[in-house]
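The values are calculated or read from the model by the stated rules, or taken from the named source; none is laboratory data. Quick caveat: nothing in here was measured; it's all calculated off a predicted structure. Positions of Cβ are generated from backbone atoms using ideal geometry, with glycine treated the same way; all protein chains shown enter the neighbour counts. Accessible surface areas use protein heavy atoms only, side chains included; no ligands, DNA or RNA. Shrake-Rupley method; radii C 1.70, N 1.55, O 1.52, S 1.80 Å.
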Amino acid sequence: MKKILIIEDESSIAELERDYLQINGFYAEIEISGEEGLKKALDEPFDLIILDLMLPRIDGFEICRQIRSKKDIPILMVSAKKEDIDKIRGLGLGADDYITKPFSPSELVARVKAHLSRYERLIGNGENKVEEIKIGGIRIDRTSRRVFVNEKEVSFTTKEFELLTFLAMNPNHVFSKEELFDKLWGMDAYGDIATVTVHVRKVREKIETFSSEPQYIETIWGAGYRFKG
Ligand code: CA
């Protein structure tokens with residue numbers, strides 16, 4: 001059973017979220033304090049975090065940043081203000097999705113399901129899955145979600161990791177930006193195709209010796225990107 005942590009100080013909202021998740025077959029736990037929620041998120045094995053932005057003492061931005069520095073699980077941020085969405089995106093905190101209050105519980109459940117299945121599909125969770133990918137000087141350990149470039153560990157955000165892993169698992173295949181967006185961001189209603197370009201640039205900066213002359217991720221003009229295998 002998938003374990004979800006709800007960090008939310010308004011208990012009526014938290015309980016509504018928990019009840020709907022439980023009806024839909026998830027195990028959900030509520031933490032009303034931001035500090036305790038952060039500690040729990042870091043110490044215990046949750047599959048997804050639903051994180052309210054406005055919390056007393058420590059806000060959701062900081063919690064998201066701290067969880068993301070240690071864990072790659074999906075984080076769904078909840079905010080009462082539409083303006084916050086731009087702020088979440090602008091800060092590049094690595095939140096996977098955003099939902100504004102008030103939302104329908106069924107929408108929340110749908111988002112949770114989509115993120116969990118996308119995450120599983122991308123990282124793989126069964127046997128017969130490739131656990132380590134090695135191409136040139138790049139080694140991707142999918143189990144621990146770590147990337148080594150010439151045996152030096154480099155840290156990646158969730159999306160950067162997913163993008164690199166996806167391309168590296170399909171070497172020599174050209175993917176258009178649209179295809180990459182569908183596969184990696186499809187459930188995020190707020191992203192757009194430009195996000196793909198930004199992420200490819202960030203991944204290149206981390207894996208390429210000279211990001212202007214990429215030896216791993218090639219740009220195929222008018223077509224998209226290809227990972228040279
Ligand atoms: Ca709140």
Subject >> Filter result (more than 18 Å from Phe156 (Cα to Cα), hydrophobic (A, V, I, L, M, F, W, C) and touching a Phe, Trp or Tyr at 6+ places or on another chain (Cβ under 9 Å)) within the stretch 173-219 >> reply: Val174, Phe175, Ala189, Ile193
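Residues to consider are Ala110, Ala95; find the one that is open to solvent by 30 Å² or more (accessible area, probe 1.4 Å) and within 17 Å of the chain's Cα centre (by Cα). Walk me through it before giving the result.
Values: Ala95 fails: open to solvent by 30 Å² or more (accessible area, probe 1.4 Å).
Matching residue, one of Ala110, Ala95: Ala110.
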Original post:
Which of the residues spanning the stretch 59-81 are of a type outside the set (Val, Ile, Thr), out of contact with any Ser or Thr (no Cβ under 6 Å at 6 or more places or on another chain) and within 16 Å of the ligand (Cβ to nearest atom)?
Top reply: Asp59, Gly60, Phe61, Glu62, Cys64, Leu76, Met77, Ala80, Lys81
Original post:
Out of the residues in the stretch 82-100 that are in a helix (DSSP H, G or I) and over 29 Å from Thr143 (Cα atoms), which is nearest to the ligand (Cβ to nearest atom)?
Top reply: Asp84
**OP:** Please list, ordered by first then second residue, the pairs with beta carbon atoms under 6 Å, 6 or more apart or interchain, first in the stretch 3-25 and within 19 Å of Lys40 (Cα to Cα) and away from the ligand (no atom under 16 Å from the Cβ), second assigned to a helix (DSSP H, G or I) and open to solvent by less than 10 Å² (accessible area, probe 1.4 Å).
**Re:** Ile4/Leu21
Subject >> Residue among Lys113, Lys71, Lys159, Lys152 that is at pLDDT 90 or above and within 20 Å of Leu184 (Cβ to Cβ) >> reply: Lys113
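Give the number of residues within the stretch 18-58 that are open to solvent by 50 Å² or more (accessible area, probe 1.4 Å) and in a loop (DSSP other than H, G, I, E, B). Walk me through how you get there before you give the answer.
In the first step, residues of the stretch 18-58 are kept if they are open to solvent by 50 Å² or more (accessible area, probe 1.4 Å); the result is 18-20, 22-24, 27, 32, 35-36, 39, 42-45, 54, 56-57.
So of that shortlist, the ones also in a loop (DSSP other than H, G, I, E, B) come out as 24, 32, 44-45, 54, 56-57.
Qualifying residue count for the region: 7.
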